[in-house]
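Colleague: What follows is a single structure, and I will ask about it in a moment.
None of the figures in this text is laboratory data; all of them are computed from the coordinates on show. This structure is a prediction, so every number in the text was calculated from the model and none was measured. Using ideal geometry, Cβ is built from the backbone for each residue, glycine included, and neighbour counts are taken over all protein chains shown.
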Amino acid sequence: MAYNSPEGTVDLLPGAARHWRHAQDVAARLFSAYGYDFMETPIFEQTEVFTRGIGEATDVVNKEMFVVRSGENYRRSLEAGTDAGLKGKSRLSLRPEGTAGVVRAVVQHNLVEQGATPAKLYYAGPMFRAERPQKGRLREFHQIGAECLGSTEPTADAEMIIMLVRFYEKMGIPASDMTLYVNSMGDERCRPAYRAMVRDHILSHADEMCEECRRRADANPLRAFDCKNAACAHVMASAPRITDHLCDDCRSHYEAVKSYLDVAGIVYEEDPTLVRGLDYYTRTVFEVQSNAIDAAQNAIGGGGRYDRLAETVGGRPTPGLGFALGYERVMLALEASGALAEASPYVDLYVACVDATVRSVAFDLVRTARDAGLRVEMDHQGKSLKSQFKAAGKMNARKVIVVGPDELEHGQVVVRDMVTHEERTASIEQSKQLLSRFSGDVVDDSTFAAPTQG
Ligand code: AMP
């Protein structure tokens, strides 16, 4: 019996994996300019890290988490007919997002000592949500995310947003094909009263709204802003706006963030209904949408400030903020914008054999060049010279060295430039020496020595 990958997951085959590597490389280069360091946390955490951090009433936690059990604990629960006896540390879930785990790690390892400079961290890896799979909505997907802990300053918010926008630009998404939305969700002083107002608004229109929104009214009323049901959207259009109810501190923080974005020339739209799905956000929230893809999956990334999250997962009060961008969505956006460049494989050099008698010489040449750090390939199937050139073309080889018995008798090889198609002979010994000392980026003619005359 042959098996397929589980529902809602995809294999990152070499072509797609090259894109994923590229996205990570772009992030690494860009984020380091902003002072962010790479880190990794486990793929699974104690479930409570998510239930407390993200919030019990969120869809992500309530409906979409994959539970993880050791075989032993799973068997015990089956026998007992309940897993109520499981200790907290044995209750594990696959991470549905990255922030809760990073903040847990920051608290555990005391990465933000009192008075120290902020911890600026980023991660890249798979996340898991038991959603109904569809285009752009997977059960295993990949996020690149950044977190900054230890600053309340609006400059940190603006910096984070600018970094996210620059990432999309560097990946090649045209600025005209994406929209940045910003909002402030207030804090523990002004949000409770606002939340109650939204709750009352929903309850006073309960008969017009879907069951889910009615149910949300108490636990998570702000989520009703995200409901796709047309009648709910109509009711929520007349709901009170958070930006009319911010306290003075939140208002001036929000104004400052926007002014830094203005100075940086970052174009954004204010969206007072932008609330984002997770409980932990306070003050600044933002989301970037691709205008080129379906509205249901057009969020290519977003984030916000979470000044209370560290306390929620057991740390001392530590302000923070972050974003996560969905790699698969970025790929969809690039494709829809016609900006997805094929990530072709390439080698610096292909060493072709005219016949089997020269294989060991070719093999030695390949090894020498690889030891010097060049990407080099040769044939391992005894193919014809024509097929070897075809293979070299497929790999986008820049140069092909042809090792043939006749040239070899004179200590020579033929070097073909695959771009200009020019061919010339070179001395094998000196070329080998030059290849072994190779330290540049590009293989060019200077990498190969001309044959000695006579
Ligand atoms: P969130 O943590 O929900 O704010 O998600 C951050 C980003 O991850 C979103 O903007 C999407 O780009 C991406 N994302 C979230 N859920 C999924 C999913 N099920 N499949 C693919 N991408 C997702």
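Colleague: I'd like to know which of Ala237, Ala84, Ala158 lies farthest towards the positive end of the charge dipole of the chain, counting +1 on Cβ of Lys and Arg and -1 on Cβ of Asp and Glu.
Modeller: About the Cα centre, the residue reaching furthest to the positive side is Ala84.
Colleague: Here's a follow-up. Relative to the longest principal Cα axis of the chain, at what angle does helix 248-263 sit, 0 to 90 degrees, rounded to 10?
Modeller: Result, in degrees: 30.
Colleague: Right, next: May I ask you to list the GluC sites (Glu not before Pro) in the range 83-154 that are in a DSSP loop and have at most 16 other Cβ atoms within 10 Å of their Cβ? The partial results should precede the final answer.
Modeller: Details: sites: Glu97, Glu113, Glu131, Glu140, Glu147; in loops: Glu97, Glu113, Glu131.
For GluC sites (Glu not before Pro) across the range 83-154 that sit outside H, G, I, E and B with at most 16 neighbouring Cβ atoms in 10 Å, the list reads Glu113, Glu131.
Colleague: Moving to a separate point now. What net charge do the residues around Ala119 carry, taking every other residue with its C-beta under 10 Å from that of Ala119, with Lys and Arg at +1 and Asp and Glu at -1?
Modeller: Numbers: positive: Lys120; negative: Asp37, Glu113, Glu147.
So the environment of Ala119 carries a net charge of -2.
Colleague: Could you give the angle, 0 to 90 degrees to the nearest 10, between helix 191-204's Cα long axis and the longest principal axis of the Cα atoms of the chain?
Modeller: Roughly 70 degrees, rounded to the nearest 10.
Colleague: Given axes a ≥ b ≥ c from the Cα gyration tensor, I'd like to know whether the range 146-218 is rounded (a/c under 1.5), prolate (a/b larger than b/c) or oblate.
Modeller: Numbers: a/c = 3.67, a/b = 1.73, b/c = 2.12.
Since a/c reaches 1.5 but b/c is at least a/b, the shape of the range 146-218 is classed as oblate.
Colleague: How big is the charge dipole of the range 58-183 about its Cα centre, in debye rounded to the nearest 20, if each Lys and Arg gets +1 on its Cβ and each Asp and Glu gets -1 on its Cβ?
Modeller: On the way: 17 positive and 15 negative charges, 131 e Å.
That gives a dipole near 640 debye.
Colleague: Rounded, prolate or oblate: which fits the range 1-101 when a ≥ b ≥ c are the square roots of the eigenvalues of the alpha-carbon gyration tensor, with rounded for a/c under 1.5 and prolate only if a/b beats b/c? It would help to have the intermediate numbers written out before the result.
Modeller: Numbers: a/c = 2.67, a/b = 1.52, b/c = 1.76.
Oblate, since a/c reaches 1.5 and b/c is not below a/b.
Colleague: To the nearest 20 debye, what is the magnitude of the charge dipole of the chain about its Cα centre, counting +1 on the Cβ of each Lys and Arg and -1 on the Cβ of each Asp and Glu? Intermediate values should be presented prior to the final figure.
Modeller: Details: 53 positive and 64 negative charges, 192 e Å.
Computed about the Cα centre, the dipole is about 920 debye.
Colleague: Does the chain come out rounded, prolate or oblate, given a ≥ b ≥ c as the square roots of the eigenvalues of its C-alpha gyration tensor, rounded meaning a/c under 1.5 and, failing that, prolate meaning a/b above b/c?
Modeller: Values: a/c = 2.49, a/b = 2.10, b/c = 1.18.
Prolate, because a/c is 1.5 or more and a/b exceeds b/c.
Colleague: May I ask you to derive the relative contact order of the range 178-280, considering only C-alpha pairs under 8 Å and at least 6 residues apart, and to give it as an integer percent? Provide the component values of the computation, followed by the final result.
Modeller: Numbers: 113 pairs, mean separation 45.9, N = 103.
Relative contact order, the range 178-280: 45 percent.
Colleague: Let me ask something else about it. For the chain, can you list the cysteines whose C-beta has no other cysteine C-beta under 4.7 Å from it?
Modeller: Cys148, Cys210, Cys213, Cys250, Cys353
Colleague: Taking +1 at the Cβ of each Lys and Arg and -1 at the Cβ of each Asp and Glu, which of Val182, Ala124, Gly322 sits farthest along the dipole of the chain towards its positive end, judged by Cα position relative to the Cα centre?
Modeller: Checking the options against the dipole of the chain, the answer is Ala124.
Colleague: If I take every Cα pair under 8 Å that is 6 or more residues apart in the chain, average their sequence separation and divide by the length, what percent do I get for the relative contact order?
Modeller: Answer for the chain is 14 percent.
Colleague: Oh, and also: Summing +1 for each Lys or Arg and -1 for each Asp or Glu, what net charge is found among the other residues whose Cβ lies under 9 Å from the Cβ of Arg276? Walk me through the numbers on the way to the answer.
Modeller: Details: positive: none; negative: Asp226, Glu287.
So the surrounding residues net to -2.
Colleague: Counting helices only, and only those DSSP H runs with n ≥ 4, report the 222 nm mean residue ellipticity of the chain as the sum of -39,500 (n - 2.57) divided by its residues, in deg cm²/dmol to the nearest 500.
Modeller: Details: 16 runs with 167 residues, N = 454.
Computed mean residue ellipticity for the chain: -11000 deg cm²/dmol.
Colleague: Still on this model: Suppose every K and R has +1 on its Cβ and every D and E has -1 on its Cβ; what is the size of the dipole of the range 258-393 about the Cα centre, in Debye to the nearest 20? Let's see the in-between values first.
Modeller: On the way: 14 positive and 18 negative charges, 91 e Å.
Rounded to the nearest 20 debye, it is 440 debye.
Colleague: On a C-alpha basis, how far is the centre of the range 94-111 from the centre of the range 146-168 in Å? Whole number, if you could?
Modeller: 18
Colleague: Report for the chain the percent antiparallel among DSSP-assigned beta bridges with both residues inside it, nearest 5.
Modeller: Antiparallel: roughly 80 percent of the beta bridges in the chain.
Colleague: Moving to a separate point now. Select from the range 26-111 those trypsin sites (Lys or Arg not before Pro) which occupy a DSSP coil region and have at most 11 other Cβ atoms within 10 Å, ordered by residue number. Can you show the working numbers first?
Modeller: Values: sites: Arg29, Arg52, Lys63, Arg69, Arg75, Arg76, Lys87, Lys89, Arg91, Arg104; in loops: Lys63, Arg69, Lys87, Arg91.
Sites meeting the loop and neighbour criteria: Lys63, Lys87.
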